[in-house]
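Please read the structure below before turning to the comments.
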Amino acid sequence: MKKTILAVFGVLLIMLSALSGCASGTAIAGWAGITFSDGNIFTVSSQGQLEVINVSDLAATWSIDIAEISGGGLGCGPSTLAVAVYGTPAVVGDRVYVAGYNGKIYVYDLSTKALVKEFVLDEENHQTIVGGPVVGGGFVYIVSTNGYIYALNADKLELEWKFKSGGKIWSTPTLVDGTIYFSSFDGNLYALDAAKGDLLWQASVGGAVVASPVISGDAIYAVSFDRGIYAFNRIDGSLKWRFPADGQDERPQRWFWATPVVFNGYLYAPCLDGKVYAVSTSSVTDVIVFDLRSPISSSPVVCAGKVVVATEDASMYTIEASTNKQELLAELRDKEKESSMIINSQLCSVGNKVYIHTLKPDRVYAYDFDDASWKYIALDTLVSASALPAGTVTVTEYNTTTVYIPTTVTVTQ
């Protein structure tokens, strides 16, 4: 019962964050992650703008407002609403695919810097989208809170097939070797034929899942709201192990929300209890627990031979299971001015740099392991979607400078 109430509460939080009063004509946007392609990183700001940022100097190249016209209500007239985006954009070739919380898919052309198509995912069963798009093999794969996964033609955005699970789907799917894997609030992990949508297998994980499945070798890993980590054979879905196993003392106190990462023989699974559980992929009894003292909902990355983790209170760490060592890279908050800063978004690694999207304030930070330097670009000072006249979509080009942050590095054992 408690889990059900908390899950409903989480849904309400996302619903509320996507709505606002009619006075400003804007909606509060989500916490989109960052992706990299051809010298640029891509994200969506909390003002609902697709941002294209050059990685060499962390300067914004251009942005475009993801907006829709609202018919008004409660006495409000038509207005332009910023679209919330919670998933990470996908970039393939000269196209950028964005999944809006409003249940629409948007496709942008990088050469013309223009919207080429927007598409309502399901006219008959129109609901919200939380996960990001996955593109491969000529398809775009999108999941919805209506419980369906959809495969669209990547060029025309026409429906090729859809498959219904038994619950809401928030997680971004994982595409590997012609199989699409995804998890659902029904407590199952699914494997489908990526071209046809046929069910290959499904396996129970004991609770709702919002993190994406992780594949390494012949194993697929999933983390669940039942506070468990599961390893399955990715070919047939048979269970390899579950953490915590019977009799283990290391027991998570809260849900797993973030997608784990596999590195050097360990699965690193961040938890909302403020800890990262590093479980050996070959022995479930080999577990190292790192206590970062703040909930973790952002998915970590491997960068410069290190696992990089961001906590919700905007602290950055590297951790290493083989040496049982954690290092504090920085606390990004200015305690006096930015005590509300949070990190929910998926991190991004490019070469020896890691990129982080923060909210309150809305920024992209970059940490360079080569010279241990930080810099950031402020997304919330670029162009405000609230300034747009109703019915217009603008493209803005930038030539901005970056701000450097001095950082003291502290090492703890």
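If I ask for residues that are among the small types (Gly, Ala, Ser), part of a loop (DSSP other than H, G, I, E, B) and either within 22 Å of the chain's Cα centre (by Cα) or buried (at least 20 other Cβ atoms within 10 Å of the Cβ) (or both), which ones from the stretch 276-304 would you list?
294, 297, 298, 299, 304
Taking only the stretch 134-144 into account, find how many residues are open to solvent by 10 Å² or more (accessible area, probe 1.4 Å) and either outside any strand (DSSP E or B) or among the aliphatic types (A, V, I, L, M) (or both).
Number of matching residues: 4.
Out of the stretch 281-303, which residues are of a type in the set (Gly, Ala, Ser) and in contact (Cβ under 8 Å) with a residue 24 or more places away in the chain?
At the first step, the residues of the stretch 281-303 found to be of a type in the set (Gly, Ala, Ser) are 282-283, 294, 297-299.
Correct list: 297, 298, 299.
In the stretch 84-130, what residues are part of a loop (DSSP other than H, G, I, E, B), β-branched (Val, Ile, Thr) and under 16 Å from the mean Cα position of the chain (by Cα)? Walk me through how you get there before you give the answer.
First pass over the stretch 84-130, keeping only residues part of a loop (DSSP other than H, G, I, E, B): 84-89, 93-94, 100-103, 110-113, 121-130.
Now drop any that are not β-branched (Val, Ile, Thr), which leaves 85, 88, 112, 128-130.
Matches in the stretch 84-130: 85, 88, 128, 129, 130.
I'm trying to understand the selection: among the residues of the stretch 324-337, which are in contact (Cβ under 8 Å) with a residue 24 or more places away in the chain and surrounded by fewer than 19 Cβ atoms within 10 Å (Cβ to Cβ)?
Correct list: 324, 325, 327, 328.
Kindly indicate the residue of the stretch 338-350 that is in contact (Cβ under 8 Å) with a residue 12 or more places away in the chain and assigned to a loop (DSSP other than H, G, I, E, B) and also most open to solvent (accessible area, probe 1.4 Å) among those meeting that condition. If you could, list the steps in order and put the result at the bottom.
Residues of the stretch 338-350 that are in contact (Cβ under 8 Å) with a residue 12 or more places away in the chain, as a first pass: 338, 340-350.
From what is left, the residues that are assigned to a loop (DSSP other than H, G, I, E, B) are 338, 340-341, 343-347.
Details: 338: 28, 340: 62, 341: 0, 343: 0, 344: 28, 345: 1, 346: 84, 347: 3 Å².
Per the criteria, the residue is 346.
Report, ordered by the first and then the second residue, all pairs with beta carbons closer than 8 Å, sequence separation of six or more or different chains, a first member in the stretch 227-245 that is open to solvent by 10 Å² or more (accessible area, probe 1.4 Å), and a second member that is part of a strand (DSSP E or B) and among the hydroxyl-bearing types (Ser, Thr, Tyr).
Every condition considered, the pairs that remain are 230/221; 234/179; 234/181; 239/230; 241/230; 242/230.
Can you report the number of residues in the stretch 275-300 which are modelled with pLDDT under 95 and in contact with a Ser or Thr (Cβ under 6 Å, 6 or more places away or on another chain)?
Total meeting the criteria: 1.
So residue 251 clears everything in (1) buried (at least 18 other Cβ atoms within 10 Å of the Cβ); (2) charged (D, E, K, R); (3) modelled with pLDDT under 95 except one condition, right? Which one?
(1)
Given 214, 205, 210, which one is over 22 Å from residue 137 (Cα atoms), within 20 Å of the chain's Cα centre (by Cα) and open to solvent by less than 40 Å² (accessible area, probe 1.4 Å)?
Testing whether each residue is over 22 Å from residue 137 (Cα atoms), within 20 Å of the chain's Cα centre (by Cα) and open to solvent by less than 40 Å² (accessible area, probe 1.4 Å) leaves just 210.
Of everything in the stretch 316-349, what is in contact with a Pro (Cβ under 7 Å, 6 or more places away or on another chain) and under 20 Å from residue 271 (Cα atoms)? Give them in sequence order.
Initial filter on the stretch 316-349 (in contact with a Pro (Cβ under 7 Å, 6 or more places away or on another chain)): 338, 341, 347.
Answer for the stretch 316-349, where residues must be in contact with a Pro (Cβ under 7 Å, 6 or more places away or on another chain) and under 20 Å from residue 271 (Cα atoms): 341, 347.
Do you know which of the residues in the stretch 146-178 that are among the polar types (S, T, N, Q) and without any contact (Cβ under 8 Å) to a residue 40 or more places away in the chain is farthest from residue 98 (Cα to Cα)?
165
Conditions tested, residue by residue: (1) modelled with pLDDT of 95 or more; (2) within 20 Å of residue 133 (Cα to Cα).
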{"residue": "166", "(1), (2)": "yes, no"}
{"residue": "175", "(1), (2)": "yes, yes"}
{"residue": "196", "(1), (2)": "yes, yes"}
{"residue": "213", "(1), (2)": "yes, yes"}
{"residue": "216", "(1), (2)": "yes, no"}
{"residue": "219", "(1), (2)": "yes, no"}
{"residue": "237", "(1), (2)": "yes, no"}
{"residue": "247", "(1), (2)": "no, no"}
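The values are calculated or read from the model by the stated rules, or taken from the named source; none is laboratory data. These numbers were taken from a predicted model, which means no experiment stands behind them. Reconstructed Cβ throughout: ideal geometry from the backbone, glycine too, with neighbour counts over all protein chains shown. Keep in mind that these areas ignore ligands, DNA and RNA; they rest on the heavy atoms of the full protein, side chains included. Shrake-Rupley method; radii C 1.70, N 1.55, O 1.52, S 1.80 Å.
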